[in-house]
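Below you'll find the structure, written out as structure tokens, and then a few comments.
The values are calculated or read from the model by the stated rules, or taken from the named source; none is laboratory data. All values derive from a computational prediction rather than experimental measurement. Just so you know, the surface numbers come from the protein's heavy atoms only, side chains and all, with ligands and any DNA or RNA stripped out. Shrake-Rupley method; radii C 1.70, N 1.55, O 1.52, S 1.80 Å.
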Amino acid sequence: MSDHSSSATVSSMTLNGMRSSEDQVWQRVLQRFTPRVSAWLARGGVAQGDIADQVQEVWRSVLASLKLFDRSDEKHSFGGWLHTITNRRANDYIQRKKQDHLLLKLLIDEASRQSDKIEDLTENTISNRSIKLHKACHQVKSVVNETTWQAFEMYVIEDKPVDEVMIALDIAEHTVYTAKSRVLRRLRALMAE
């Protein structure tokens, strides 16, 4: 039996108390489910040092969408719903980490081309470039084919060996390098604008 099955239900009274923002009810629910949420996040790939923050994100999402939770169908348990929300937050976390990793690589690359000192990049500059890079990534991803983006993401962002990317995507070695080159060229052009 999975750990988000019927044993993870809450009573209608508890659910109503949560919806009414009753502190005592919320404290009981948090005490009961937070360890479970933490374990799900850890299994979802969230780093140990980030779990507490991500638990907060899960509970914010629960609070924001609690009125949408419908338990009229007996297949829908609170625990199952909470598990789904937790998985979404873990996936969001993983995607942000990938984007942060890409940003760091590109900023280091840019800094090494422009200056010998990475300290020249101020926090404000990194923040502005992060926003710009995030938009540029979405723009490039929408215009290149899916295999090109996947090859770039696996090879550049995830640091997977070229042979692993070739096998996973069933593509030739030069295709991996071409994907990296095309995506980086487009990203650099957008970042320069």
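Would you kindly find the accessible area of residue 55, with a 1.4 Å probe and non-protein molecules such as ligands, DNA and RNA excluded, rounding to the nearest 10 Å²?
10 Å²
Report ³J(HN,Hα) in whole Hz for each residue of the stretch 180-193, in order, from the Karplus equation J = 6.51 cos²θ - 1.76 cosθ + 1.60 where θ = phi - 60°; Gly and Pro get x.
Using θ = phi - 60°, the values come out as 4, 4, 4, 5, 4, 4, 5, 4, 5, 4, 5, 5, 7, 5 Hz.
So what are the ³J(HN,Hα) numbers for the stretch 154-169, from phi and the Karplus equation (6.51, -1.76, 1.60; θ = phi - 60°), rounded to whole Hz, Gly and Pro as x?
5, 7, 8, 7, 8, 6, 7, x, 4, 5, 5, 5, 4, 5, 4, 9
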